[in-house]
Amino acid sequence: MRYVSTRGESPALDFEGVLLAGLAPDGGLYVPARWPRLSRKSLISLRGKSYAELAAAVLQPYLGSHLDADAFGRLLAETYGGFDHPAVAPLTQLDANDWVMELFHGPTLAFKDMAMQVLGRLLDGALARRGRRATILGATSGDTGAAAVDAFRGRQAIDVFMLHPEGRISAVQRRQMTTAPDANVHNIAIQGTFDDCQALVKALFQEADLRDRLNLAAVNSINWARVMLQIAYYVHAAVALGGPDRPVAFSVPTGNFGDVYAGYAAAMMGLPVAGLVVATNRNDILARFFASGEYRRGEVSATISPSMDIQVASNFERYVFDRVGRDAAELNARMAAFAQLGAFRVEVGNADLFRAASVGEDETRAEIARTHRATGWLPDPHTAVGLAASRIRRGDPAVPMVTLATAHPAKFAEAVTAASGVVPQLPPRYADLMQRPERCTTLPNDVGAVRAHLMAHAALGDRRSAA
Ligand SMILES: *Cc1c(COP(=O)(O)O)cnc(C)c1O
């Protein structure tokens with residue numbers, strides 16, 4: 001399998017190449033040169049397989065010669081064997097034809113573990129094969145950082161530096177990062193906002209000397225491997241609910257468009273998907289796009305579903321690339337317009353597939369309470385946005401609707417309790433989270449201070465070992 005950059009100015013790469021690169025050198029995102037086909041026969045053959053077996057069978061064509069089917073299957077079985085639920089991504093029925101797919105049974109209680117846990121193993125293996133090390137540098141407002149720290153802690157070939165805004169993430173989110181005892185994990189609390197953290201990371205990635213010396217790597221959702229690994233659970237749910245004989249619809253709590261793009265990829269591969277509801281909170285750039293064909297930047301506002309507080313959806317470029325007929329010149333013109341004017345237009349396309357809805361704060365709180373009252377199942381605020389949107393854009397009631405449950409309610413306990421009166425409990429593995437010792441360095445919002453810290457603490461930054 002070859003991967004091409006959406007901007008058209010970087011050479012095509014194989015899977016291992018895009019795994020290690022993240023973003024393409026021309027600033028584009030990698031996409032597969034063609035979609036592998038999921039035939040009716042191959043979908044039927046997935047019935048009865050475990051989650052790891054199904055994922056290995058569906059995703060193997062994307063890996064090419066990187067790993068053989070047996071090795072990939074073992075890696076997935078080992079990864080998902082560490083999740084809290086034996087079904088990995090269990091489906092819970094809420095109504096006659098309404099389901100939630102629980103994607104929060106991984107180590108940090110959000111769906112990002114589904115891909116990040118595998119990415120940690122894939123990246124470590126690829127670096128070891130090439131005899132290289134890498135330094136992961138990222139900024140987090142909560143979920144991504146926790147997932148990355150857990151996925152990369154203790155890995156031989158990797159150091160992780162994760163910046164978060166001091167005092168501005170929840171105690172559970174902070175402690176999921178700062179209680180990792182491993183020497184290769186470096187938490188940094190920045191005296192500033194999340195935007196300050198992101199600006200620091202961006203500035204450091206632009207320093208060519210530092211980037212090369214530390215072999216800086218990013219693991220945000222633009223990495224193709226993360227998108228790819230999310231395709232599997234759409235197939236898993238569809239097959240469990242009667243696919244390929246019965247099409248299934250999905251409602252996807254959306255921020256960076258990574259998760260719902262994986263659903264689009266599954267449909268492009270041939271999975272019968274009856275609809276994809278793009279569910280956003282009041283940060284509604286994507287809902288506005290699917291209503292109007294205009295993608296226009298807005299102001300970010302803080303909500304009780306903070307992992308979706310995004311106004312520029314980084315994976316959306318992958319979809320736009322298909323909308324302009326995979327013409328890189330057309331894509332570049334749109335991106336230039338967006339950079340200059342904050343907006344562009346493109347044909348919405350896939351009218352039978354995408355539907356979108358924006359859900360406000362009061363509706364989100366009401367949905368948490370309503371779902372709990374009616375079904376006994378307690379959604380987190382992100383999942384509640386998905387559930388509310390699934391009803392606004394329900395479509396044919398005879399089609400099964402699966403809402404992706406992207407976080408465990410205890411991860412956002414304060415908002416959940418305020419909305420429903422119920423206090424969600426952390427799973428047993430976190431019973432002593434609040435007692436564990438924390439490791440974290442506080443630094444000022446200053447690029448020099450962060451650079452010095454990286455050089456002093458990254459294995460590749462140590463001048464003695466480099467000499
Ligand atoms: C990251 C995240 C989302 C948004 O996913 P995207 O792939 O960015 O669209 C939704 N819910 C939760 C809980 C998340 O952590």
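Charges only on Cβ, +1 for Lys and Arg, -1 for Asp and Glu: so what's the dipole of the chain about the Cα centre, in debye to the nearest 20?
620
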Next on the checklist: Between Asp432 and Ile392, how high is the FRET efficiency from 1/(1 + (r/R0)^6) when r is the Cβ-Cβ distance and R₀ = 56 Å? Nearest 0.05.
Outcome noted: 0.85
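Where does each of 40-49, 374-383 land if you order them by average Cβ count within 10 Å, highest first? Please report the intermediate quantities before stating the final value.
Working: 40-49: 13.7, 374-383: 22.2.
In decreasing order of mean packing, 40-49, 374-383 become 374-383, 40-49.
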Next on the checklist: Please report the spacing between the Cα centers of region 234-304 and region 3-18 in Å, no decimals.
Outcome noted: 25
Checklist outcome for this item: If the label point sits 7 Å along Cα→Cβ of Glu9, residues of region 326-354 with amide N under 12 Å come out as 329, 332-333, 336
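Once you have the Cα-Cα distance between Val348 and Leu91, take 0.36 nm times their residue separation minus that, and quote the gain in nm to one decimal. Don't skip to the end; give the middle numbers.
Details: separation 257, 0.36 × 257 = 92.52 nm, distance 3.07 nm.
In short, 89.5 nm is gained.
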Checklist entry - Out of Ile169, Gly448, Thr193, whose Cα points farthest toward the positive end of the dipole of the chain (charges: +1 Lys, Arg; -1 Asp, Glu; placed on Cβ)? => result Gly448
Checklist outcome for this item: Taking every alpha carbon pair in region 101-162 and sorting the distances into 5 angstrom bins from 0 up to the bin holding the longest one, the percent per bin comes out as 4, 20, 28, 24, 14, 7, 3, 0
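Count the DSSP beta bridges whose two residues both fall in the chain, then state the antiparallel fraction as a percent rounded to the nearest 5.
Values: 12 of 49 bridges.
Counting only bridges with both partners in the chain, antiparallel ones make up about 25 percent.
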Checklist entry - Applying 1/(1 + (r/R0)^6) with R0 = 35 Å to the Cβ-Cβ distance of Ser170 and Arg373, what FRET efficiency is obtained, to the nearest 0.05? => result 0.90
Checklist outcome for this item: Among the DSSP H helices of the chain, those whose Cα atoms extend at least 20 Å along the helix axis and whose mean Kyte-Doolittle hydropathy is -0.5 or higher are 112-130, 224-240
Item to check | Label point at Arg211 placed 7 Å out along Cα→Cβ; residues across region 297-322 whose backbone nitrogen lies under 11 Å | outcome: none
Next on the checklist: Using a Cα-Cα cut-off of under 22 Å, which lysines could be cross-linked to Lys49, ignoring same-chain neighbours fewer than 8 residues away?
Outcome noted: Lys41
Next on the checklist: Which order do the peptides 363-371, 320-328 come out in when sorted by mean C-beta neighbours inside 10 angstrom, highest first?
Outcome noted: 363-371, 320-328
Item to check | lysines whose Cα lies under 26 Å from that of Lys202, excluding same-chain neighbours fewer than 8 positions away | outcome: Lys112
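Taking Rh as the Kirkwood radius, which is the inverse of the mean 1/r over Cα pairs, what is the Rg/Rh value for the chain? Before the final figure, lay out each step's value.
Working: Rg = 21.1 Å, Rh = 22.5 Å.
Taking Rg over the Kirkwood Rh, I get 0.94.
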Item to check | Ranked by how many other beta carbons lie within 10 Å on average, peptides 127-135, 222-230 from highest | outcome: 222-230, 127-135
Checklist outcome for this item: In nm, the gap between the two label points placed 7 Å beyond Cα toward Cβ at Thr442 and Glu53 is 5.3
Checklist entry - What percentage of all Cα-Cα pairs in region 1-156 are separated by more than 28 Å? => result 28
Checklist entry - What's the FRET efficiency of Arg74 with Leu341 using the Cβ-Cβ distance as r and R₀ = 51 Å, to the nearest 0.05? => result 0.55
Next on the checklist: For a quick check: with amide H placed at 1.01 Å from N, whose amide H comes under 5 Å from Arg7's, ignoring anything fewer than 5 positions away on the same chain?
Outcome noted: Gly28, Leu29
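Values in this text are rule-based calculations from the coordinates and carry no lab data. Remember, it's a predicted structure, so these values are computed and weren't measured experimentally. A quick note on method: Cβ atoms are made from the backbone with ideal geometry, for glycine too, and the neighbour counts reach across all protein chains shown.
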